[in-house]
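J.: Before I ask anything, let me first share the structure, which is written out below as structure tokens.
Bear in mind that the values in this text are calculations on the coordinates, not laboratory data. As the structure is a prediction and not an experimental result, all values here were calculated from the model. Quick reminder, even Gly has a Cβ in these numbers, built from the backbone with ideal geometry, and neighbours come from all protein chains shown.
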Amino acid sequence: MNENSASDGARTVLTGDDIERVLTRVAFEIIEANKGIEDLVLLGIPRRGFPLAQRLAARIAASADTPIDPASLVGQLDITLYRDDLRHSTTRTPEPTKLPAGGIDGKVVVLVDDVLYSGRTIRAALDALSDWGRPRIVRLAVLVDRGHRELPIRADHVGKNLPTAKSEKVRVHLEEIDGTNEVMIEAAE
Amino acid sequence: MKHLLSTADLSREEAVKILDIAGEMREAGTRVVKKLPALRGRTVVNLFFEDSTRTRISFEAAAKRLSADVINFSAKGSSVSKGESLKDTAQTLLAIGADAVVIRHPDSGAPARLAATDWIDLPIINAGDGTHEHPTQALLDAFTLRRQLALRDGVSATGLGLDGLKVAIVGDILHSRVARSNLWLLNTLGASVTMVAPPTLLPVGAESWPCTISYDLDQVIAEGVDALMMLRVQGERMRAAYFPNPREYSRYWGLDDARLGTLDAAGAETLIMHPGPMNRGLEISSAAADSPRSTVLDQVTNGVAVRMASLYMLLSGDLI
């Protein structure tokens, strides 16, 4: 899901415009679920969760009655050292964790990731989060839910439910990292 | 990367990766909850055949911060004093269930022997062997330099090397494994190294090393240098007279108050480093050791982060 090579078997399921519309809806869902923007903190999971969290924060800040800085709502939560597969993949370099100045204690934290799949990343994120503080509520927002959960985890806000076969790959490309905006499904080789 | 035996084995890419990982480990060390679960359930054995304070404690802290279990072994008071061989000691550790071995040994090459033989099939980290190498010390020195310069320049240290940096390593080069490890690593990372020492404390063959050799500390300071790495005079390894007396050593090769004054007067940004333990008043004066230029305590803090990164590198990823 992380390579930038679009092979022939790839089929676009969300265009750049689709992603924008989906994020706008998810942003309003987050505000609605929270009954406002009070205490909201959006934490993106590297790498592509972070730009998504930034985009959501920009929309949420824009909807506020009094102007606020979107950056004060966003952070990045690295989960590398909390993964359960460290012994089985190549050594991963951790990314920085950056929390907003207000911290996360007593806040409503919305974890943001690009694709929800096995649920193991979110399990790791919940563990990582508890080492940084104690949020009042933790929610989960994802751009794409592709199914095939291996843990009892579900998302509160889903951009698009995407039925997939386990052998297929979902690739998310975001302007900030990949230079383009699209979500593709790639058939198995 | 299977073992960490020598900095000469590290590619630039690998070295920068260890430093980058150490950067994140250092950040984790500033949290209220310092522990990370990355090595939960693994056992690290500290096998120390030679005295050590900071290296052993640093490795112990590093392993514990990553949630590994630690078994400390020191030769004193163990079966080694009954004549047990390195092979038997190592195989005993394997039978106990160790996942990685951190070894310090007075004989150069002991860690390489453990790694090369089929006695045990575990990742080996060299924590100092004789007068050969001390790779994690060199990594923490490089990390400290890189971080200090990035802070000074207001940039992120991640991904950077030490290109164009001028580092002088001063003192007892002959007995120093720290000097050797630093020499290889600093070269790999793009820094240029000058070794400054009395001729008696330079090893035979030093002229073939990738560095400049100088016998004049004042001249090296006058020419400008980004960091002065002062080495401990290793009295315990000296079986002959290498210099007439401590006062003469201090006068010619030590970073004394006069030389510190020269640095300050020139407005130089030179950092003062020392791997510890320091002989205050011999190779470094108290004023120099405690000056704002000194990175001595920063080096200790960074040592834990670098050792966490080394353990993480060796104990994660495809090993089997």
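J.: Restricting to Cα pairs below 8 Å that are 6+ residues apart, what does the relative contact order work out to for chain B? Please round to a whole percent. Could the numbers behind the result be given before it?
T.: Numbers: 583 pairs, mean separation 68.6, N = 320.
Averaging sequence separation for qualifying contacts and normalising by length gives 21 percent for chain B.
J.: Also: What angle, in degrees between 0 and 90 and rounded to the nearest 10, separates the Cα long axis of helix B:86-96 from the longest principal axis of the Cα atoms of chain B?
T.: Once rounded, one gets 50 degrees.
J.: Hey, another quick one. Across the residues of A:129-136, average count of Cβ atoms on other protein chains within 10 Å?
T.: Working: counts 0, 1, 8, 4, 3, 0, 0, 0.
Average neighbour count from other chains, rounded to a whole number: 2.
J.: Just tell me how shielded A:85-98 is by partners: mean number of partner chain Cβ atoms within 10 Å of each residue's Cβ, no decimals.
T.: Taking all residues of A:85-98 together, the mean is 6.
J.: Turning to a different aspect of this structure: To the nearest 20 debye, what charge dipole does the range B:1-64 have about its Cα centre, counting +1 at the Cβ of each Lys and Arg and -1 at the Cβ of each Asp and Glu? If you can, show how the numbers build up before the last one.
T.: Working: 12 positive and 9 negative charges, 80 e Å.
The calculation lands at about 380 debye.
J.: Put +1 on the Cβ of every Lys and Arg and -1 on every Asp and Glu Cβ in the range B:169-228; which of B:SER176, B:VAL193, B:VAL220 then has its Cα farthest towards the positive end of the dipole?
T.: Of the options given, the answer is B:SER176.
J.: In the range B:135-299, with Lys and Arg counted as +1 and Asp and Glu as -1 at Cβ, which of these residues, B:GLY261, B:PRO203, B:ALA142, has the Cα nearest the positive end of the dipole, that is, farthest along it?
T.: B:PRO203
J.: If you don't mind, another one. Are there any trypsin sites (Lys or Arg not before Pro) in the range B:198-272 that are in a DSSP loop and have at most 13 other Cβ atoms within 10 Å? List them by number.
T.: On the way: sites: B:ARG232, B:ARG237, B:ARG239, B:ARG247, B:ARG251, B:ARG259; in loops: B:ARG232, B:ARG239.
Within the range B:198-272, the qualifying trypsin sites (Lys or Arg not before Pro) (loop, at most 13 other Cβ atoms within 10 Å) are B:ARG239.
J.: For the range B:135-299, what size does the Cα cloud have along each of its three principal axes, sorted from largest down, in whole Å?
T.: Cα spread of the range B:135-299 along its principal axes, largest to smallest: 47, 34, 27 Å.
J.: Next question. Local charge sum around B:LEU231 (other residues, Cβ-Cβ under 13 Å, Lys/Arg +1, Asp/Glu -1)? Spell out each step's value before the answer.
T.: Details: positive: B:ARG177, B:ARG180, B:ARG232, B:ARG237; negative: B:ASP141, B:ASP172, B:GLU283.
Value of the local net charge: +1.
J.: To continue, here is another question. So if we plug the beta-carbon distance of B:ALA241 and B:ASP107 into 1/(1 + (r/R0)^6) with R0 = 25 Å, what FRET efficiency do we get, rounded to 0.05?
T.: So, using R0 = 25 Å, E works out to roughly 0.55.
J.: Let me ask you something else. What translational diffusion coefficient, in µm²/s and rounded to a whole number, does the Stokes-Einstein relation yield for the range A:41-115 at 4 °C and a viscosity of 1.567 mPa s, taking the hydrodynamic radius as the Kirkwood radius over Cα pairs?
T.: 98
J.: Determine the sum of side-chain charges near B:ILE213: Lys and Arg each +1, Asp and Glu each -1, restricted to other residues whose C-beta is under 15 angstrom from that of B:ILE213. Mind dumping the intermediate values first?
T.: Values: positive: B:LYS166, B:ARG180; negative: B:ASP172, B:GLU207, B:ASP216, B:GLU223.
Counting the neighbours of B:ILE213, the net charge comes to -2.
J.: Using the C-alpha gyration tensor of the protein assembly as shown, what are the square roots of 5 times its eigenvalues, in whole angstrom, with the largest one first?
T.: 49, 27, 20
J.: If you average 1/r across every pair of different Cα atoms in the range B:219-320 and take the reciprocal, what Kirkwood value do you get, in Å?
T.: When all Cα pairs of the range B:219-320 are included, the Kirkwood radius is 15.6 Å.
J.: What Rg and what Dmax come out for the range B:188-277 when only alpha-carbon atoms are used, in angstroms?
T.: Looking at the range B:188-277, its Cα Rg and Dmax stand at 13.8, 40 Å.
J.: May I pose another question? Pick out, from A:LEU174, A:GLY119, A:PHE50, the residue whose Cα sits farthest towards the positive end of the charge dipole of the range A:50-189, with +1 on the Cβ of Lys and Arg and -1 on the Cβ of Asp and Glu.
T.: Most positive-ward Cα: A:GLY119.
J.: Let me spell out the model: positive unit charges on the Cβ of Lys and Arg, negative unit charges on the Cβ of Asp and Glu, origin at the Cα centre of the protein assembly as shown. What dipole size does that give, in debye rounded to 20?
T.: Numbers: 58 positive and 67 negative charges, 267 e Å.
Dipole of the protein assembly as shown, to the nearest 20 debye: 1280 debye.
J.: What is the Å³ per residue value for the convex hull set by the Cα atoms of the range B:206-259? All intermediate terms of the calculation are to be shown ahead of the outcome.
T.: Values: hull volume 6.5 nm³, N = 54.
Each residue corresponds to 121 Å³ of Cα convex hull volume.
J.: Let me ask something else. What angle, in degrees between 0 and 90 and rounded to the nearest 10, separates the Cα long axis of helix A:16-34 from the longest principal axis of the Cα atoms of chain A?
T.: The two axes meet at around 40 degrees.
J.: Two decimals is fine: what is log10 I(q)/I(0) at q = 0.13 Å⁻¹ for chain B, from a Debye sum with one equal scatterer on every Cα and no solvent?
T.: -0.94
J.: So what's the Cα pair-distance distribution over chain A, bin width 10 Å, in %?
T.: Percent of Cα pairs in each bin: 9, 37, 38, 14, 2, 0.
J.: When a footprinting reagent is the concern and you count Cβ atoms within 10 Å, what order do B:PHE49, B:PHE243 take, fewest first? Don't skip to the answer; put the middle values down first.
T.: On the way: B:PHE49 21, B:PHE243 17.
Exposure proxy ranking, most exposed first: B:PHE243, B:PHE49.
J.: Moving on. Given 4 °C and 1.567 mPa s, how large is the Stokes-Einstein diffusion coefficient of the range B:52-146 in µm²/s, with Rh as the Kirkwood radius over Cα pairs?
T.: For these conditions, the coefficient is 91 µm²/s.
J.: Got a sec? How would B:LYS166, A:LYS35, A:LYS166, B:LYS34 order by Cβ neighbour count within 10 Å, fewest to most?
T.: So the ranking, lowest neighbour count to highest, is A:LYS35, A:LYS166, B:LYS34, B:LYS166.
J.: Please pull out the direction-averaged projected area of the range B:1-96, using the convex hull of its alpha-carbon atoms, in nm² to one decimal place.
T.: Working: hull surface 31.0 nm².
Mean projected area for the range B:1-96: 7.7 nm², to one decimal.
J.: When a footprinting reagent is the concern and you count Cβ atoms within 10 Å, what order do A:SER89, B:SER52 take, fewest first?
T.: Neighbour counts put them in this order, fewest first: A:SER89, B:SER52.
J.: Give me the net charge for the shell around A:TYR117: Cβ to Cβ below 15 angstrom, other residues only, Lys and Arg +1, Asp and Glu -1.
T.: Numbers: positive: A:ARG48, A:ARG83, A:ARG120, A:ARG123, A:ARG146, A:ARG149, A:ARG154, A:LYS160, A:LYS166, A:LYS169, A:ARG171; negative: A:ASP84, A:ASP85, A:ASP113, A:ASP114, A:ASP145, A:GLU150, A:GLU168, A:GLU186.
Summing Lys/Arg as +1 and Asp/Glu as -1 gives +3.
J.: Past the 14 angstrom mark, what percentage of all C-alpha to C-alpha distances in the range B:99-166 do you count?
T.: 65
J.: To the nearest 20 debye, what is the magnitude of the charge dipole of the range B:135-299 about its Cα centre, counting +1 on the Cβ of each Lys and Arg and -1 on the Cβ of each Asp and Glu?
T.: Details: 14 positive and 18 negative charges, 94 e Å.
The dipole of the range B:135-299 has a size of about 440 debye.
J.: Going by alpha carbons, how many degrees (0 to 90, nearest 10) lie between the helix axis of B:296-315 and the longest principal axis of chain B?
T.: 30
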